[in-house]
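Working notes, structure below.
The values are calculated or read from the model by the stated rules, or taken from the named source; none is laboratory data. What you are looking at is a predicted structure, and each value in this text was computed from that prediction instead of being measured. Heads up, the Cβs are rebuilt from the backbone with ideal geometry, glycines too, and the neighbour counts pull from every protein chain shown. We work out accessible area using only protein heavy atoms, side chains counted, and drop any ligands, DNA or RNA first. Shrake-Rupley method; radii C 1.70, N 1.55, O 1.52, S 1.80 Å.
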Protein chains: 2
Amino acid sequence: MRIKLTLSYDGTNYHGWQVQPDGETIQSTLQKAIEKIVGENSIIASGRTDAGVHAEGQVALVEFNQEIPLWNFQNGLNSLLPKDIAVINVEEASEQFHPRFSSTLKHYRYTILNSRVRNVFQQKYCWQIPVVLDVDLMNQGAQFLLGKHDFSAFQSSSCCSKDPVKEIFAAQCIQNEEWIFFHIEGSGFLKQMVRTIVGTLVEVGKKKMKPDFIQELVKSRERKKAGKTAPASGLCLVKVLYSKELKLTC
Amino acid sequence: MRIKLTLSYDGTNYHGWQVQPDGETIQSTLQKAIEKIVGENSIIASGRTDAGVHAEGQVALVEFNQEIPLWNFQNGLNSLLPKDIAVINVEEASEQFHPRFSSTLKHYRYTILNSRVRNVFQQKYCWQIPVVLDVDLMNQGAQFLLGKHDFSAFQSSSCCSKDPVKEIFAAQCIQNEEWIFFHIEGSGFLKQMVRTIVGTLVEVGKKKMKPDFIQELVKSRERKKAGKTAPASGLCLVKVLYSKELKLTC
């Protein structure tokens, strides 16, 4: 069977998605649970999430050699998985479906708590910044990300993608009282790209960089000019779309 | 100095508000932190919260014999307190102010996740119920709580209040997709009263009790007729008001 899984996870206690020699990962935990139900299996995700990053709608393809009703598979998996991982949807996948190459859009949300007082309920899911950020300036800066660009300037220095050109469909900060939610939708993202964009936009929000510096930065393709990488805790993979139509959700 | 503190806490890891011979409580943790700043002190809260219950706006009065700028006191306290307790506001309290007796309204919220799949981010802050609840019936039942009644039927069997008569100003379930938020506002609440009300309303939502059974139950004053006590994790003390005007916030 080929099953498309939609997963939600609190990444706090995991070393990211990808199987690692040391430490628990989302993929290894999932693989072990699936093994208990249907034996040997292979899993591919829409993309890796880094250590500490969360997901509301990660998509993965799992393949194995048994037949099992989808409902039983989901329920069995949810009862075997730890409480910080949940399978929120299961459906049979076509032969053509590939979780990474078939995807047309990924939506990430980065949460900033712009307050001098912490929020005891959301501390694992945000970046607390005590100095006031100018969200209008951040949004002016974010507009320079739109379109197709070489995003090497926002790529982790530990990684070199063969294809640093990505298309950004939407990028916007939405403020709700002391919360700032940065939503970004694109064809795909480089390693630590969203977190480096957020780190840089925060510099713009603090008026340490001008909004149009983002444009200059994209053109430069130099990582060292960008801001610091924002903490993993604030980042969440919201949705992966597979429709040919691009439905902007933010 | 007499200071009115507004506190937010994740109650998961505490044995409730009140100092206990064994185990950490919110009050003992707070008292130790205040002691480091201004020495000996006394604390009284608007009311006790049970083990595992959360607060967004608990109010407490703290008294000590030193003078300290409010801003310094709040910042110092927040840096000494563990991450799951935060002081969200401080102000000087008048001689007349008493956190319990001066309060005119308390607002609690109980969160139910009405879904067969867990939510990995909110599991510590809700009660997951996999069978579909009829929220209209629950709201019909909740209306019988309004007004001044003897609420002995909803009181913890381990407790006997001298004054089981309380006034309920508002009681309503608000549904948002798979979430059900039960808001209740009243002059005061008995031990485990909100959780027993929720446990009983859930029986109504499951159609195991009729909505007007709530009226009968209130009249009976018999705890054994009510539903089970809902888990502490779903309960949050949202706000305590001290105005003479009753401002309904739900």
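Select from A:Thr229, A:Thr49, A:Thr200 the residue whose mean-square fluctuation is largest in a Gaussian network model of chain A (Cα-Cα springs shorter than 10 Å).
A:Thr229
Please report the relative contact order for chain B, taking Cα pairs under 8 Å with a sequence separation of at least 6, and give it as a percent rounded to a whole number.
24 percent
Would you kindly work out, in nm and rounded to one decimal, the distances from the label point of B:Glu91 to those of the same position in each other copy, ordered shortest first, with label points 7 Å along Cα-to-Cβ?
Ordered by increasing distance: 5.2 nm.
Between copies, how far does the label point of B:Lys36 sit from its twins, in nm, shortest first, when each point is 7 Å from Cα along Cα→Cβ?
Those separations, rounded to one decimal, come out as 4.0 nm.
Just to confirm the numbers: A:Asp134, label point 7 angstrom along the Cα-Cβ line, distances to the other copies in nm, shortest first?
5.8
Farthest toward the dipole's positive end in chain B, which of B:Pro130, B:Val90, B:Gln31, given Cβ charges of +1 (Lys, Arg) and -1 (Asp, Glu) about the Cα centre?
About the Cα centre, the residue reaching furthest to the positive side is B:Pro130.
Quick one: pull the percent of accessible area on the protein assembly as shown belonging to carbon and sulfur, 1.4 Å probe, ligands and nucleic acids left out.
47 percent
Based on DSSP H runs of at least 4 residues, each adding -39500 (n - 2.57), what is the mean residue ellipticity at 222 nm of the protein assembly as shown after dividing by all its residues, to the nearest 500 deg cm²/dmol?
Details: 10 runs with 106 residues, N = 500.
Per the formula, -6500 deg cm²/dmol.
Using a cut-off of 12 Å between alpha-carbon atoms, which aspartates and glutamates can reach A:Lys162, once sequence neighbours fewer than 8 places away in the same chain are excluded?
Those aspartates and glutamates meeting the cut-off are A:Asp150.
Restrict the search to segment B:152-206; then list the trypsin sites (Lys or Arg not before Pro) that DSSP places in a loop and that have at most 16 other Cβ atoms within 10 Å of their Cβ.
B:Lys162, B:Lys206
Which of the residues in segment B:116-131 lose at least 40 Å² of accessible area when you go from the chain alone to all protein chains together (probe 1.4 Å)?
With the partner chains in place, segment B:116-131 has these residues losing at least 40 Å²: B:Arg116, B:Val117, B:Arg118, B:Val120, B:Phe121, B:Gln123, B:Tyr125.
What does the C-alpha gyration tensor say about the overall shape of chain B? Classify as rounded when a/c is under 1.5, otherwise prolate if a/b is larger than b/c, or oblate.
It is prolate, given that a/c is not under 1.5 and a/b is the larger ratio.
What distance in nm lies between label points placed 7 Å from Cα along the C-beta direction at A:Gln122 and B:Trp71?
Inter-label distance under the simple model: 2.5 nm.
May I ask you to give the solvent-accessible area per residue for segment B:2-92, in square angstrom, as obtained with a 1.4 angstrom probe? The partial results should precede the final answer.
On the way: 3990 Å² over 91 residues.
Averaged over the residues of segment B:2-92, the accessible area is 44 Å².
GluC sites (Glu not before Pro) within segment A:21-98: which are DSSP loop residues with at most 10 other Cβ atoms inside 10 Å?
Within segment A:21-98, the qualifying GluC sites (Glu not before Pro) (loop, at most 10 other Cβ atoms within 10 Å) are A:Glu67, A:Glu95.
Let's see if you can work this out: charge +1 on each Lys and Arg Cβ, -1 on each Asp and Glu Cβ, no other charges. What is the dipole magnitude of segment A:105-241 about its Cα centre, in debye to the nearest 20?
Charge dipole of segment A:105-241: 480 debye, to the nearest 20.
Return the loop-located GluC sites (Glu not before Pro) in segment B:143-250 (DSSP other than H, G, I, E, B) with at most 11 other Cβ atoms within 10 Å of their own Cβ; answer none if there are none.
Details: sites: B:Glu167, B:Glu177, B:Glu178, B:Glu185, B:Glu203, B:Glu216, B:Glu222, B:Glu245; in loops: B:Glu177, B:Glu178, B:Glu222, B:Glu245.
Counting only loop positions with at most 11 other Cβ atoms within 10 Å, the GluC sites (Glu not before Pro) in segment B:143-250 are B:Glu177, B:Glu222, B:Glu245.
State whether the protein assembly as shown is rounded, prolate or oblate according to the following rule on the C-alpha gyration tensor (a ≥ b ≥ c being the square roots of its eigenvalues): a/c under 1.5 gives rounded; otherwise a/b larger than b/c gives prolate, and the remaining case gives oblate.
Oblate.
Lysines within cross-link reach of B:Lys36: Cα-Cα under 29 Å, excluding same-chain residues under 8 positions apart?
Cross-link targets: A:Lys124, B:Lys4, B:Lys83, B:Lys239.
With springs only between Cα atoms under 10 Å apart, run a GNM on chain B and tell me which of B:Val202, B:Val38, B:Val238 wobbles the most.
B:Val38
Pop the C-beta distance of B:Glu167 and B:Gln96 into the FRET formula with R0 = 25 Å and round what comes out to the nearest 0.05.
The value I calculate is 0.65.
Across peptide A:80-89, what mean number of C-beta atoms from other chains lies inside 10 Å of a residue's C-beta?
3
In debye to the nearest 20, how big a dipole does the protein assembly as shown give about its Cα centre with +1 on each Lys and Arg Cβ and -1 on each Asp and Glu Cβ?
Approximately 20 debye in magnitude.
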